[in-house]
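The values are calculated or read from the model by the stated rules, or taken from the named source; none is laboratory data. All of these numbers come straight from a predicted model, not from anything done at the bench. Cβ placement follows ideal geometry from the backbone for every residue including glycine, while neighbour counts extend to all protein chains displayed. All accessible areas refer to the heavy atoms of the entire protein, side chains included, with ligands and DNA or RNA removed. Shrake-Rupley method; radii C 1.70, N 1.55, O 1.52, S 1.80 Å.
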Amino acid sequence: WGRPQHDGPALRALSGFDVISSNLSIPFDEERLSRSILLDLDHVSTHLEDPGFDLWEEVKARSHFFTVLVQKCALQRGARFYSSSFSERSERYFDRSEFLKNQLLPRFWDKDLGYIVSTLDRVGPGLPKESNLDSSVVLAS
């Protein structure tokens, strides 16, 4: 198993926001879910520049398009959701999402290849993907 992977906490936070904003007919503890989301967002904001494996557990790198995009979306949503109750955290989530949006995501566009590459700054073990073209880019979009 390729570890660590950093997409899980972001995906879990996004799912939690979906549950909170939905009109579910089943009861759930919104306060507990909100605390869990905060833990996930704190993890994302702290570890978003740490190397990890892609969603297929094949390639270890500093950044994967899929992971960065779901992290950005989770942090943006967290910044909005917690803006009135956790303003310091909310500001950190916003700042980190802006870093991903403005600094990291644009690096995935390879003008010579003419497409978004799936991985940046490969490190350590993993299966090579010579083209750096992967369906994870489509899944992220």
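Structure data summary
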| read-out | value |
| --- | --- |
| Any hit, the range 62-80, residues being open to solvent by 50 Å² or more (accessible area, probe 1.4 Å), touching a residue at least 60 places away in the same chain (Cβ under 8 Å) and closer than 16 Å to GLN5 by Cα | yes |
| Residue within the range 51-68 that is over 26 Å from ARG122 (Cα atoms) and out of contact with any helix residue (DSSP H, G or I) (no Cβ under 7 Å at 6 or more places or on another chain) present | no |
| Qualifying positions in the range 6-33 - out of contact with any strand residue (DSSP E or B) (no Cβ under 7 Å at 6 or more places or on another chain) and either aromatic (Phe, Trp, Tyr) or part of a loop (DSSP other than H, G, I, E, B) (or both) | ASP7, PHE17, SER22, ASN23, LEU24, SER25, ILE26, PRO27, PHE28, ASP29 |
| Flag for SER141 being over 15 Å from the mean Cα position of the chain (by Cα) and under 23 Å from ASP18 (Cα atoms) | no |
| The range 100-141: number of residues that are open to solvent by 50 Å² or more (accessible area, probe 1.4 Å), in a helix (DSSP H, G or I) and touching a residue at least 24 places away in the same chain (Cβ under 8 Å) | 3 |
| Residue list for the range 36-60, restricted to those being among the β-branched types (Val, Ile, Thr) and open to solvent by 40 Å² or more (accessible area, probe 1.4 Å) | THR46 |
| Complete set of residues in the range 12-35 that are closer than 14 Å to TYR82 by Cα and open to solvent by 100 Å² or more (accessible area, probe 1.4 Å) | GLU31, ARG35 |
| Of all residues making up the range 1-11, the number that are over 14 Å from the mean Cα position of the chain (by Cα) and surrounded by 16 or more Cβ atoms within 10 Å (Cβ to Cβ) | 1 |
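Yes/no per residue for (1) of a type in the set (Asp, Glu); (2) closer than 13 Å to ALA10 by Cα; (3) assigned to a strand (DSSP E or B):
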| site | (1), (2), (3) |
| --- | --- |
| ARG35 | no, no, no |
| LEU38 | no, yes, no |
| THR46 | no, yes, no |
| GLU57 | yes, no, no |
| PHE94 | no, no, no |
